[in-house]
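The values are calculated or read from the model by the stated rules, or taken from the named source; none is laboratory data. From a predicted model like this one, the values you see are computed outputs, not experimental measurements. Here the Cβ positions follow ideal geometry from the backbone for every residue, glycine too, while neighbour counts run over all protein chains shown. Side chains included, ligands, DNA and RNA excluded: accessible areas come from the protein's heavy atoms. Shrake-Rupley method; radii C 1.70, N 1.55, O 1.52, S 1.80 Å.
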Amino acid sequence: MPEMPEVETVRRGLNEIADGQQIIGIDVNYGKTIENDVEGFREALVGQTIEHVDRRGKYLLFRFSNHLTMISHLRMEGSYFKQKTGMPVDKHTHVIFHFKNGTDLCYRDTRKFGRMRLVTTGEEMNYGGLRTIGPEPTEQDFKLDYFERILHKSRGKIKPFLLNQSHVAGLGNIYCDEVLWMSKINPEQAANTLTHEQAKTLRENIIKEIATATEHKGTTVHTYKNAFGDAGGFQDYLKAYDHGGEKCPRCGTKMVKIKVAQRGTTYCPHCQELIEK
DNA sequence: GCCAATGTTGACGC
DNA sequence: AGCGTCAACATTGG
């Protein structure tokens with residue numbers, strides 16, 4: 001369940017249950033989840049205490065007492081949950097952190113795409129997508145002049161542009177369709193043809209949408225229950241995503257679902273008419 | 001059986 | 001170099 005509002009919701013949940021907890025053992029049931037050598041990972045963390053969990057874009061950053069940081073990315077279906085030590089886990093639970101207080105922090109991921117990597121704190125920005133990650137989608141970090149500058153350099157369509165985390169962090173397929181619908185911009189419009197007004201509107205909608213979805217603890221679709229973040233309620237407010245074939249809430253035209261950059265994409269052909277240039 | 005699913009990345013081409 | 005495209009990763013559900 002992983003766009004930024006969902007990851008932020010998970011982060012808040014983790015801070016309630018994992019902050020200050022000492023790890024006394026780790027079970028790894030699927031080795032590929034851990035990008036480090038699994039034995040080294042275990043040895044480095046057993047005995048350590050989780051001080052806090054931070055977030056950058058869709059990446060969770062577990063801060064440990066001994067100057068270590070665990071980068072955790074949930075990808076498509078990763079989730080965390082807590083239970084009492086000794087309770088059984090199913091076959092999709094790949095990593096279990098045993099806490100000294102008699103609880104387990106479990107990582108579950110049906111598609112096995114999620115990854116964890118242990119690095120020295122301060123070095124995390126040198127790994128994976130964090131190397132090139134763009135600004136957080138906030139008023140302070142995501143400036144209009146920056147957005148317009150990179151839009152004009154682009155050679156592609158606006159939707160894949162927004163999905164690229166090096167342009168702006170945090171948007172995924174759901175919120176991308178939503179902000180384009182809100183902004184009345186066709187997902188296939190060339191990014192470098194957006195007008196000043198369109199760029200301004202789109203930026204404001206991105207900031208607003210991510211904040212509002214986070215307030216609602218994110219969106220839950222096609223996923224399971226009982227995991228952090230899955231208490232999300234924002235699915236009730238989605239206008240475009242998952243509404244293909246239904247009437248546009250703004251104009252009543254039938255919404256269309258197409259494929260853009262290999263991702264399902266829903267939009268209103270009337271409100272979001274494609275402007276060629 | 002076929003396709004699609006809240007994501008990222010490495011390989012390849014221009 | 002940098003950007004865009006697309007297959008691959010693995011599993012489940014319609």
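Quick look at the numbers
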| quantity | calculated |
| --- | --- |
| A:Arg149 being within 11 Å of DNA strand B (Cβ to nearest atom) and over 22 Å from A:Pro5 (Cβ atoms) | no |
| Subset of segment A:106-129 (residues that are more than 16 Å from DNA strand C (Cβ to nearest atom) and in a helix (DSSP H, G or I)) | A:Glu124, A:Met125 |
| Residue in segment A:183-199 that is under 29 Å from A:Leu60 (Cα atoms), open to solvent by 20 Å² or more (accessible area, probe 1.4 Å) and either in a helix (DSSP H, G or I) or within 14 Å of DNA strand C (Cβ to nearest atom) (or both) present | no |
| Meets criteria (of a type outside the set (S, T, N, Q), under 20 Å from A:Ala261 (Cα atoms) and away from DNA strand B (no atom under 11 Å from the Cβ)) for A:Ile133 | no |
| Number of positions in segment A:234-275 that are open to solvent by 20 Å² or more (accessible area, probe 1.4 Å), touching a residue at least 12 places away in the same chain (Cβ under 8 Å) and part of a loop (DSSP other than H, G, I, E, B) | 16 |
| Residue check for A:Glu209: away from DNA strand C (no atom under 16 Å from the Cβ) and assigned to a helix (DSSP H, G or I) | yes |
| Count of segment A:21-48 residues which are buried (at least 17 other Cβ atoms within 10 Å of the Cβ), more than 16 Å from DNA strand B (Cβ to nearest atom) and assigned to a strand (DSSP E or B) | 3 |
| Long-range neighbours under 9 Å by Cβ, at least six apart or interchain, first residue on the phi < 0 side of the Ramachandran plot within segment A:6-19, second in a helix (DSSP H, G or I) and of a type in the set (Gly, Ala, Ser) | A:Glu6/A:Ala213 |
| Matching residues, segment A:138-182, being surrounded by fewer than 18 Cβ atoms within 10 Å (Cβ to Cβ), part of a helix (DSSP H, G or I) and away from DNA strand C (no atom under 16 Å from the Cβ) | A:Leu144, A:Asp145 |
| Tally, over segment A:57-105, of residues that are open to solvent by less than 60 Å² (accessible area, probe 1.4 Å) and assigned to a strand (DSSP E or B) | 26 |
